[in-house]
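Peer 1: Below is the structure I would like to discuss, written out as structure tokens.
The values are calculated or read from the model by the stated rules, or taken from the named source; none is laboratory data. Just so it is clear, the structure is predicted and the values come from calculations on it, not from any experiment. Using ideal geometry, Cβ is built from the backbone for each residue, glycine included, and neighbour counts are taken over all protein chains shown.
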Amino acid sequence: MRRIRAGFMPAISVDPAHERPLYRQLYDGFQRAIVEGRLRPGQRVPSSRSLAAELRISRIPVVTAYEQLQAEGYLETFVGAGTCVAAAIPEDALVPSVSAATGAGERSPTRQIARRVAAVMATPQDPSIPVIGAFRVSLPALDQFPRQVWSGLLNRHQRNLATERMAYGDPMGWAPLREAIAEYVGASRAVRCDASQVMIVAGSQQALQITARALLDDGDPVWVEEPGYPGAHRAFYLAGAEPVPAPIDHDGLDVEAAIRRRPDARAAYITPSHQYPMGVTMSAARRMMLLNWAARAGAWIIEDDYDSEYRFAGRPIASLQGLDSDDRVIYVGTFSKVLFPALRLGYLVIPSDLVQAFAAAREAMDIFPPTAPQAALADFIGEGHFARHIRRMRMLYMERRRLLAETIAAQIGDLMQVVSAEAGMHLVGLVDPRLDDADLSRRAAARGISAVPLSSCYLEKPDKAGLVLGFGGTDGPAIEAGVRKLAEVVRAAAAQA
């Protein structure tokens, strides 16, 4: 039998004051660890002498426990290898214990989960979809990322890891990266801020969590776009807030309808530059109306600018935050879409008087973000690699968007209508409302195609049916092959409807 090094031993403790003999406490601890798999077959256990010294007890109860475990087949002793867990565990050890209170195989009725998590689980979930491949939403062109440049920058900081970088960091993040981001969003998105207002986070999802915890109390209503980003719904539910669906149209969030529905809302979550998922841009009139409402009501606006770098038609749209004269907007940005999702870096731009509150919320959650990737990203931006990569990807995604829209029109245009494909890395294909888009998504997943059902973006009964299709991480041949499979799925479903 192959022997395994001792590695990490599970905690085996004894209480000399307990009425149960020491050897029996040791026997019970080892027996449970073996049966539960915390000690693996072939794994060495400490010698009786070393274990007795570690537990500060006599060696006699340790030897007695080991002898009993060997006699029952739980341990084996090998010359030159010491005592190891037996290769074959006694069959009667695997019989589940019977609880007198609940009976065999049953659990007690008190295993409750938090109401907030239950609310998250009750929201519409995307069907199981492929992790990578055709039409995965929010997935950039990973094969086009300059990996060698990035690896070199990361290695630079890992090799020269200064002692102070190994210690605890600032909850707001690495100062050079915050400065680079402040300069970038000021120039490209007309965001008004300095580095002191920038917080580095683990992507936009954590940004929403921190914002909700810093600004909202249990039960506070929050306007969310309908349809809208499901991740925001879950973030607010988990924070104990109440997402309130507010309709969108071709001008974005209908502010008047939202006010009529919940005038007491404490915040509004919006994606004004490129609404998720429908892709519309919020009009200037609606933007001013929303800002005026927030100022009058003392409410907050959470602006998620998730893929503003990629706009293919018309002039770039400035941020809502840049128009805010009352410091009511919290601006959310992420590098997941422009670089790669596994980087897990994003940022918040926070009104100056809220920085301390956000820092406190952040410190309570995970203290501070990892330093090395922040340092590498600061150099990636500062040395011009970031701007060059965005320019290249903008042209690539423009071509992929055109190809996907044209291929859908050519192969399935009679059953699917493409809407709002002028920006970002995804488009929506509307289908007959009589079709179940969640069922279409499951059928597509079975064919290896990722297609998020539009219905999963609604909190209330959907008034449209469709599929959200990402094109950022899908090349030309995969787009054409994917649309062929998707056409077969939709036509089969339509024939059965």
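Peer 1: Answer with yes or no whether V191 is touching a helix residue (DSSP H, G or I) at 6+ places or on another chain (Cβ under 7 Å), β-branched (V, I, T) and either surrounded by fewer than 17 Cβ atoms within 10 Å (Cβ to Cβ) or outside any strand (DSSP E or B) (or both).
Peer 2: The answer is yes for V191.
Peer 1: How about the stretch 338-376: which of its residues are over 12 Å from I210 (Cα atoms) and of a type in the set (D, E, K, R)?
Peer 2: Correct list: R344, D353.
Peer 1: Taking the stated definitions as given, is A258 in contact with a Leu (Cβ under 9 Å, 6 or more places away or on another chain), farther than 28 Å from Q356 by Cβ and in the same structural domain as K337 (by TED's automatic domain parsing)?
Peer 2: yes
Conditions tested, residue by residue: (1) modelled with pLDDT of 90 or more; (2) at negative phi; (3) buried (at least 18 other Cβ atoms within 10 Å of the Cβ).
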| site | (1), (2), (3) |
| --- | --- |
| R40 | no, yes, no |
| R49 | yes, yes, no |
| R59 | yes, yes, no |
| Q70 | yes, yes, no |
| L75 | yes, yes, yes |
| A81 | no, yes, no |
| A87 | no, yes, no |
| S97 | no, yes, no |
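Peer 1: A further question on this structure: Is the stretch 449-463 home to any residue that is under 28 Å from R234 (Cα atoms), among the acidic types (D, E) and surrounded by fewer than 17 Cβ atoms within 10 Å (Cβ to Cβ)?
Peer 2: Yes; the residues of the stretch 449-463 include at least one that is under 28 Å from R234 (Cα atoms), among the acidic types (D, E) and surrounded by fewer than 17 Cβ atoms within 10 Å (Cβ to Cβ).
Peer 1: Follow-up question, since we're still on this one. P227 passes all but one of (1) assigned by TED's automatic domain parsing to the domain that holds R266; (2) in contact (Cβ under 8 Å) with a residue 40 or more places away in the chain; (3) under 25 Å from A361 (Cβ atoms); which number fails?
Peer 2: P227 satisfies all of (1) assigned by TED's automatic domain parsing to the domain that holds R266; (2) in contact (Cβ under 8 Å) with a residue 40 or more places away in the chain; (3) under 25 Å from A361 (Cβ atoms) except (3).
Peer 1: While we're looking at this one, here's another question. Looking at (1) closer than 24 Å to P341 by Cβ; (2) surrounded by fewer than 21 Cβ atoms within 10 Å (Cβ to Cβ); (3) polar (S, T, N, Q), which one does Q411 not meet, given that it meets all the others?
Peer 2: Of (1) closer than 24 Å to P341 by Cβ; (2) surrounded by fewer than 21 Cβ atoms within 10 Å (Cβ to Cβ); (3) polar (S, T, N, Q), only one is false for Q411: (1).
Peer 1: Given the structure, is L469 touching a strand residue (DSSP E or B) at 6+ places or on another chain (Cβ under 7 Å), part of a strand (DSSP E or B), within 22 Å of H233 (Cα to Cα) and aliphatic (A, V, I, L, M)?
Peer 2: Yes: the conditions hold for L469.
Peer 1: Select the helices (runs of 4 or more DSSP H) contained entirely in the stretch 359-452, then report the ones holding at least 3 residues which are without any contact (Cβ under 8 Å) to a residue 40 or more places away in the chain and not hydroxyl-bearing (S, T, Y).
Peer 2: In the stretch 359-452, the matching helices (runs of 4 or more DSSP H) lie at 385-412.
Peer 1: Consider only pairs whose beta carbons are under 7 Å apart and that are at least six residues apart or on different chains; among these, list those whose first residue lies in the stretch 200-218 and is closer than 12 Å to R266 by Cβ and whose second residue is part of a strand (DSSP E or B) and of a type in the set (F, W, Y).
Peer 2: L215/W300
Peer 1: Going by the structure shown, is G240 within 20 Å of D307 (Cβ to Cβ) and surrounded by fewer than 21 Cβ atoms within 10 Å (Cβ to Cβ)?
Peer 2: No; evaluated as a whole, the condition is false for this residue.
Peer 1: Against the condition modelled with pLDDT of 95 or more and either over 21 Å from the mean Cα position of the chain (by Cα) or assigned to a loop (DSSP other than H, G, I, E, B) (or both), how does V244 come out, does it pass?
Peer 2: yes
Peer 1: Same structure again: Consider only pairs whose beta carbons are under 6 Å apart and that are at least six residues apart or on different chains; among these, list those whose first residue lies in the stretch 153-180 and is within 16 Å of Q356 (Cα to Cα) and assigned by TED's automatic domain parsing to the domain that holds Q197 and whose second residue is surrounded by 13 or more Cβ atoms within 10 Å (Cβ to Cβ) and of a type in the set (S, T, Y).
Peer 2: Hits for this filter: G169/T371.
Peer 1: I would also like to ask the following. Given (1) of a type in the set (G, A, S); (2) outside any loop (DSSP other than H, G, I, E, B); (3) in contact (Cβ under 8 Å) with a residue 40 or more places away in the chain, identify the lone condition not met by A258.
Peer 2: Evaluating A258 over (1) of a type in the set (G, A, S); (2) outside any loop (DSSP other than H, G, I, E, B); (3) in contact (Cβ under 8 Å) with a residue 40 or more places away in the chain leaves (3) as the failure.
Peer 1: Among the residues of the stretch 45-67, are any in the same structural domain as A88 (by TED's automatic domain parsing), within 46 Å of the chain's Cα centre (by Cα), among the acidic types (D, E) and more than 20 Å from I89 (Cβ to Cβ)?
Peer 2: Looking for residues that are in the same structural domain as A88 (by TED's automatic domain parsing), within 46 Å of the chain's Cα centre (by Cα), among the acidic types (D, E) and more than 20 Å from I89 (Cβ to Cβ), one finds at least one in the stretch 45-67, hence yes.
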